[in-house]
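J.: This structure is in structure tokens; I'll ask about it shortly.
The values are calculated or read from the model by the stated rules, or taken from the named source; none is laboratory data. Worth saying up front: this structure is predicted, and the values here are computed from it rather than measured. Glycine also receives a Cβ, built like all others from the backbone with ideal geometry; neighbour counts cover every protein chain displayed. Just the protein is used for accessible areas: all its heavy atoms, side chains included, with ligands, DNA and RNA removed. Shrake-Rupley method; radii C 1.70, N 1.55, O 1.52, S 1.80 Å.
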Amino acid sequence: DIMKIKICGFTNAQNANQAAMLGIDAIGLVFYDQSPRNVGVETALQIVNALPPFINRVGLFVNADSSFIDEVLCEVPLDTLQFHGDESAAECRQYAMPFIKALRVNQETNIIKMAEEYHQASGLLLDAFNKDTYGGTGESFDWSLAKVDIELPIILAGGLNPNTVADAVSQVNPYAVDVSSGVESELGIKDIDKIRKFIQRVNA
């Protein structure tokens with residue numbers, strides 16, 4: 001099985017194009033003003049327009065107003081929404097679009113219960129738990145917590161980089177992996193060599 005790879009937090013069109021041409025499956029755009037990788041509509045459009053075909057364009061939101069999400073969707077052709085906050089299943093569903101629900105996982109997280117609650121999601125993204133921030137921290141978590149038997153595809157995130165991803169994948173065998181800070185040369189700028197290595201380690 002070739003595992004799906006999503007790279008999140010692009011802020012530059014040329015950088016996204018180079019990464020996409022290496023054969024990744026999805027790119028993530030962060031629409032969250034407290035993130036250092038936050039993009040506005042104009043930048044997001046430039047990035048989306050620079051992508052080759054068949055790349056899934058994911059918009060990441062954190063407890064956003066529906067009016068804000070509608071506004072982004074009017075301007076930017078996204079394929080999938082990713083909800084990283086405390087959105088209810090009904091809130092995630094209301095846009096009539098495929099969505100991913102992110103969970104910040106620690107010992108207390110009942111992934112099986114969440115999979116039932118968000119059963120209309122396209123997948124569940126399992127990320128490191130940090131009480132102060134929503135994703136993109138580069139922190140990993142105990143991979144054994146992500147080994148659960150659920151119907152939904154599991155997207156594994158949190159502290160992945162070229163050095164950790166092989167171990168994480170062998171432990172969890174997720175549907176996809178999602179990386180942001182682990183393949184960066186600086187905030188919001190991805191290192192193409194690191195991405196190349198990351199892809200090789202995932203496919204090996």
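J.: Filter region 118-132 down to residues that are surrounded by 16 or more Cβ atoms within 10 Å (Cβ to Cβ) and either charged (D, E, K, R) or touching a Leu at 6+ places or on another chain (Cβ under 9 Å) (or both), then give me how many there are.
T.: 9
Residue-wise test of (1) crowded, with 20+ Cβ neighbours inside 10 Å; (2) more than 22 Å from residue 5 (Cβ to Cβ).
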residue	(1), (2)
88	no, yes
111	no, no
116	no, yes
168	yes, no
173	no, no
183	yes, no
191	no, no
194	no, no
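J.: Could you list all residues from region 98-109 that are open to solvent by 40 Å² or more (accessible area, probe 1.4 Å) and without any contact (Cβ under 8 Å) to a residue 24 or more places away in the chain?
T.: Correct list: 108 only.
J.: Six or more apart or on different chains, Cβ under 8 Å: which pairs go from a residue in region 84-97 that's under 16 Å from residue 119 (Cβ atoms) and in contact (Cβ under 8 Å) with a residue 12 or more places away in the chain to one that's part of a helix (DSSP H, G or I) and open to solvent by 60 Å² or more (accessible area, probe 1.4 Å)? Could you list them?
T.: Matching pairs, first to second residue: 89/117.
J.: Another one. Pull up region 49-65, narrow it to residues that are more than 19 Å from residue 35 (Cα to Cα) and in contact (Cβ under 8 Å) with a residue 24 or more places away in the chain, then point me to the one that is surrounded by the fewest Cβ atoms within 10 Å (Cβ to Cβ).
T.: 52
J.: Which of (1) at pLDDT below 95; (2) of a type in the set (A, V, I, L, M); (3) within 20 Å of residue 84 (Cα to Cα) is the odd one out, the single condition residue 176 does not satisfy?
T.: Result: residue 176 fails condition (1) only.
J.: List, please: which pairs have Cβ atoms under 7 Å, are six or more places apart or on different chains, and start with a residue in region 174-188 that is closer than 13 Å to residue 126 by Cβ and end with one that is open to solvent by 40 Å² or more (accessible area, probe 1.4 Å) and in a strand (DSSP E or B)?
T.: 175/4; 176/4
J.: Just to verify a result, which residue in region 1-45, among those that are aliphatic (A, V, I, L, M) and at pLDDT below 95, is surrounded by the most Cβ atoms within 10 Å (Cβ to Cβ)?
T.: Only one residue fits best here, namely 3.
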